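The values are calculated or read from the model by the stated rules, or taken from the named source; none is laboratory data. Note that the coordinates shown come from a computational prediction; the quantities given were computed from them, not determined experimentally. Quick reminder, even Gly has a Cβ in these numbers, built from the backbone with ideal geometry, and neighbours come from all protein chains shown. Heads up: the accessible areas ignore ligands, DNA and RNA and are worked out on the full protein's heavy atoms, side chains in. Shrake-Rupley method; radii C 1.70, N 1.55, O 1.52, S 1.80 Å.
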Amino acid sequence: MSASRPTTRPRKEPSAAKPGRKAATTRAGAGPPPAGRPEAGHRTDLLEAMLRIRRFEERCVELYSAARIRGFVHLYIGEEAVAVGVSSALEPEDAVVSTYREHGHALARGLTPEAVMAEMHGKATGCSGGRGGSMHLFDASRRFYGGSAIVAGGLPLAAGLALADRMRGLPGVTCCFFGDGAFAEGEFHETANLAALWNLPLLLVCENNLYAMGTALAREHAQTDLAMRAASYGMPAWAVDGMDVEAVEQAARRAVGGIRAGAGPHFLELRTYRFRAHSMYDPDRYRDKAEIAQWKSQDPIARLTERLRGDGELDDEELARTEQRLADEIDHAVTAAERAPEEPVEDLLRHVTSAPSGEVSRP
């Protein structure tokens, strides 16, 4: 498609986004957090969490370019506010299902950079034992049920996890991240319908970054207000500025609170943007440079940094210390990954076939 031809619709600010049929009528993210204004320490924690994702992925770009990590790599740079804001509203007993663009979700959920980097290198110390790589991060101990290389593939799994928790009487909420491309798939509509029909404790988080791989939203959907369409299933749904981590967190807390109160599934359309191409293989010829530059001016890390500076909650020295701490953390992760062992050849069929139980009788 021509890069000079308009491919996106004008975007409204979150304050103009109408909530879903069952949602409250206030602006998304406008309500106070549970304990009033977040403490300064919490806001700087949000900034550090976003910086960890950004710096981790920037290092992945270097390693991929040097052929030190292989395979498909889908970067999350620009979308950090979504993973961090939503994850801040979740509890350890909650479950998370992700996509193939999942480094940010994994790190925000608490997986260590060392475990994720080792997985990127295909090493046995990786969170998936080196078997998954970039698109299949997994950690059952944190109820992080990983990414899927199939668009919309995680949605039915998330509904199953939510149903299983409810049937076992467990209090957890299942959070499922997916992109706007998944909205065009039958799995989304089947999941949304069953979740609403069965009143499942499911949070559907649509990361609307305007492009399904290289296809612009307006070229794929006749109605581009995804929150309004989700609300047609009878669930609270609203759009949020996905480039503002505090707005994302407030909206996620509001949604999770409703789910825990028994109001059934909720849908958040988080309007965000990826600064990099779809994957490291993608030449990114379908977007105007001016469009990318405009969205970069809304960088969620820069926005929160300036807000904290303006409120007197962050200075240059503290920011420099944070950056150095993260650099050391990622350096350690890379060194550990490169020194880590490969999976032994004799274990290659582990988790693939069942253990032999004896001689198979023949007719």
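Numbers at a glance
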quantity: Residue (of A184, G110, G122) at the positive-pole extreme of the range 89-185, dipole from beta-carbon charges; calculated: G122
quantity: Largest-first principal axis extents of the Cα set of the range 196-248 (Å); calculated: 35, 29, 16
quantity: Cα gyration tensor of the range 168-309 - equivalent ellipsoid semi-axes, whole Å, descending; calculated: 28, 20, 12
quantity: The range 272-363 - charge dipole about Cα centre, Lys and Arg +1 at Cβ, Asp and Glu -1, debye rounded to 20; calculated: 600 debye
quantity: Local electrostatic count at H351 - Lys and Arg +1, Asp and Glu -1, tallied over other residues with Cβ under 14 Å; calculated: -1
quantity: Whole-Hz couplings from phi, Karplus 6.51/-1.76/1.60, listed for the range 261-278; x for Gly and Pro; calculated: 7, x, 7, x, x, 10, 10, 10, 9, 9, 7, 9, 7, 8, 6, 9, 5, 3
quantity: Per-peptide average of other Cβ atoms within 10 Å, ordering 213-219, 292-298 highest first; calculated: 213-219, 292-298
quantity: The range 68-222 pair-distance distribution - Cα-Cα, 10 Å bins, rounded %; calculated: 12, 40, 36, 12, 1
quantity: Calculated log₁₀ intensity ratio I(q)/I(0) where the Debye formula runs over C-alpha points of the chain, q = 0.12, 0.14 Å⁻¹; calculated: -0.89, -1.21
quantity: Residues of the chain: accessible area per residue with a 1.4 Å probe, Å²; calculated: 46 Å²
quantity: Quarter of the Cα convex hull surface for the range 262-329, i.e. its orientation-mean projected area (nm²); calculated: 8.9 nm²
quantity: R260, R143, reordered so the largest accessible area comes first (probe 1.4 Å); calculated: R260, R143
quantity: Fraction in percent of alpha-carbon pairs per bin - 10 Å, the range 250-289; calculated: 23, 29, 17, 24, 6
quantity: Nonlocal amide H pairs with A95, under 5 Å, H built at 1.01 Å; calculated: V173, T174, C175
quantity: Rg(Cα) / (2.2 N^0.38 Å) computed for the range 38-138, rounded to two decimals; calculated: 1.06
quantity: Helical segments meeting 18 Å axial Cα length and Kyte-Doolittle 0.5 threshold in the chain (DSSP H); calculated: 154-167
quantity: Probe 1.4 Å, all protein chains present, accessible-area order of S279, S65, largest first; calculated: S65, S279
quantity: Dipole magnitude of the range 42-175, debye to nearest 20 (Cβ charges: Lys/Arg +1, Asp/Glu -1, about Cα centre); calculated: 280 debye
quantity: R0 of 41 Å, Cβ-Cβ distance D331-S232: FRET efficiency to nearest 0.05; calculated: 0.25
quantity: Counting DSSP beta bridges with both ends in the chain, the antiparallel % (nearest 5); calculated: 10 percent
